[in-house]
1. For Glu134, only one of the following conditions fails: (1) over 22 Å from the mean Cα position of the chain (by Cα); (2) among the acidic types (Asp, Glu); (3) farther than 16 Å from Ser209 by Cβ. What is its number?
2. Any residue in the stretch 208-225 that's aromatic (Phe, Trp, Tyr): show its pairings with residues that are assigned to a helix (DSSP H, G or I) at Cβ separation under 7 Å, as long as the two are six or more apart or on different chains.
3. If the Cβ limit is 8 Å and pairs must be 6+ apart or interchain, which residue in the stretch 265-292 that is of a type in the set (Phe, Trp, Tyr) pairs with which residue that is within 16 Å of the ligand (Cβ to nearest atom) and outside any helix (DSSP H, G or I)?
4. Quick test for you: out of Leu135, Leu189, Leu195, Leu145, pick the one residue that is exposed (fewer than 14 other Cβ atoms within 10 Å of the Cβ) and modelled with pLDDT of 95 or more.
5. Given the condition surrounded by 16 or more Cβ atoms within 10 Å (Cβ to Cβ), in contact with a strand residue (DSSP E or B) (Cβ under 9 Å, 6 or more places away or on another chain), farther than 27 Å from Val173 by Cβ and of a type in the set (A, V, I, L, M), answer yes or no: does some residue in the stretch 53-65 qualify?
6. Report yes if some residue within the stretch 204-216 is of a type outside the set (Ser, Thr, Tyr), surrounded by fewer than 22 Cβ atoms within 10 Å (Cβ to Cβ), out of contact with any Leu (no Cβ under 8 Å at 6 or more places or on another chain) and closer than 20 Å to Val18 by Cβ; otherwise report no.
7. In this structure, does Asp151 turn out to be in contact (Cβ under 8 Å) with a residue 12 or more places away in the chain, in contact with a helix residue (DSSP H, G or I) (Cβ under 9 Å, 6 or more places away or on another chain) and not assigned by TED's automatic domain parsing to the domain that holds Leu35?
8. From the list Ile130, Ile165, which one is within 25 Å of Leu219 (Cβ to Cβ) and either of a type outside the set (Lys, Arg) or crowded, with 16+ Cβ neighbours inside 10 Å (or both)?
Amino acid sequence: MSHLGCKQLGMATNLQEVVETAVSTAISEREISELRDGLNSELEETLAGWDRPGDPLRITKDRLRRGLACNAQLLGGGPVPMNEHLALGRVVDAAAPTIATAPDTPHRYSKSGQPLPGAWGHAIAEPLRIEDPELGDWYHALSTLHKKDHDQLVETRCEGLKGSIGDLRSFTVVSQNLTFVDLAADVVLSARPDLIVLGTERTVVEVKSGKGHGIGDELAFYALVESLSAGVAPALVVGISLLPLPNTFSLPVNIELLDRAASLVVNTARRCRAVDESVAAARWPLTTTGLHCTFCDLAKQCPDISDEHLEEALLMAGHQVDEDADSAEEEPW
Ligand code: SF4
C-alpha cells in the first residue's frame, strides 16, 4: 500500500472470515470526541483568513487521493469519459452487495460447479447497462470482439469478488451508504463506502476492480468518517482488490489510524485552499510531477511537464496504467 501499511491477511482469507473474527480495538467515545475537537481546531487554523467560495469545502476520498499526488489534480478536469476500467469498476461495485447477500447468484453453473459463460453479465451487467445509460451506450458501441473481451473480464472479476467476499447472509449488509460529517470552518467530510457489514462489530469495505493503489489512505478516511458520524469506531476497514489476483486486506481501526486520517483531511483542506488562491491570482497551482502525470487530464495545459517528460513518464508507467480509473470521479467543490 502506498501510504499506510495494510496488514495483508493472505490469499485464502475472505471478507466473511475477517468479519467473523473481527475484534474491536475499543476506542472510547471520549477519544473520538477529542479527535473531533483537535480536527476542528486544525481546520480553523488552516483555513483562517481564506477568502473562499461560499459553499462548504467538501472533502471526499477522491479529493484526498488527488491532492496527495499533485495539488493541481484538485482542479479536476471534467467528467472522465467511460472506458473499460470505469465500466468494470461500475459492474464490480454493483455486484458487491448482491454477492454479499445472495452469493448463489447467478444460479447458472455447470454440473461440475463451474460458472457458465455470461452468468454474471446476465445477472449484474445487463440490468446495470439499462439502469446506467452512459454504461449502456459505451457497451453497445463496442465491436463484437471487444464486447466478448469485456464480457469475459466481467465474469473473471465477479468470480474473483465472490471468492473474496464469501457468504455474508448471516450479517446485515449496507451498501453505498452516503455519510456526511460537518466540521468547523465549514468543512464537510463525505464518504460512500461500497459495503458496511454489521455483525458483532462494524466493518467498512472498499472494493477495487483493479490493484487498489492508495487504498490504505481511503480506508483510513472511511474509518474517520464512520467514527465521527456514529460516535463509535468500526472495528475494521477492509479493502478488496481484484488484480493481479483477488486479495483481501484489513486495517484495525485504532487511534493512530484515525489520527493519520485526520492529518490527511487537514492536508487536503490546505491544498484546496492553495489551489483556490492560485486560481484567484491567475497562477498555476504548485505541482508535483511523477508517474501520476500519465493519468492527468491537465497534462496538456500543465506548464510543469513537457511532452518529452510525459512520454518518459508514460514509458516508465508501462504496465502500471491500470484500472484505478474506477475511482476517478469528478468531485464538485
Ligand atoms: S501533469 Fe503532472 S504536474 Fe502537471 S498538473 Fe498534471 S499531475 Fe500535476
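The values are calculated or read from the model by the stated rules, or taken from the named source; none is laboratory data. Since we're looking at a predicted model, the values are computed, not measured. We place every Cβ from the backbone using ideal geometry, glycine too, and count neighbours over all the protein chains shown.
1. All conditions are met except number (1).
2. Cβ pairs passing all conditions: Phe221/Lys61; Phe221/Leu64; Phe221/Ala261; Phe221/Leu264.
3. Note: pairs meeting the criteria are Trp284/Cys302; Trp284/Pro303; Trp284/Asp304.
4. Leu145
5. Yes.
6. Taking every residue of the stretch 204-216 in turn, none turns out to be of a type outside the set (Ser, Thr, Tyr), surrounded by fewer than 22 Cβ atoms within 10 Å (Cβ to Cβ), out of contact with any Leu (no Cβ under 8 Å at 6 or more places or on another chain) and closer than 20 Å to Val18 by Cβ.
7. Working: in contact (Cβ under 8 Å) with a residue 12 or more places away in the chain: yes; in contact with a helix residue (DSSP H, G or I) (Cβ under 9 Å, 6 or more places away or on another chain): yes; not assigned by TED's automatic domain parsing to the domain that holds Leu35: yes.
Yes.
8. Just one listed residue meets the conditions, Ile165.
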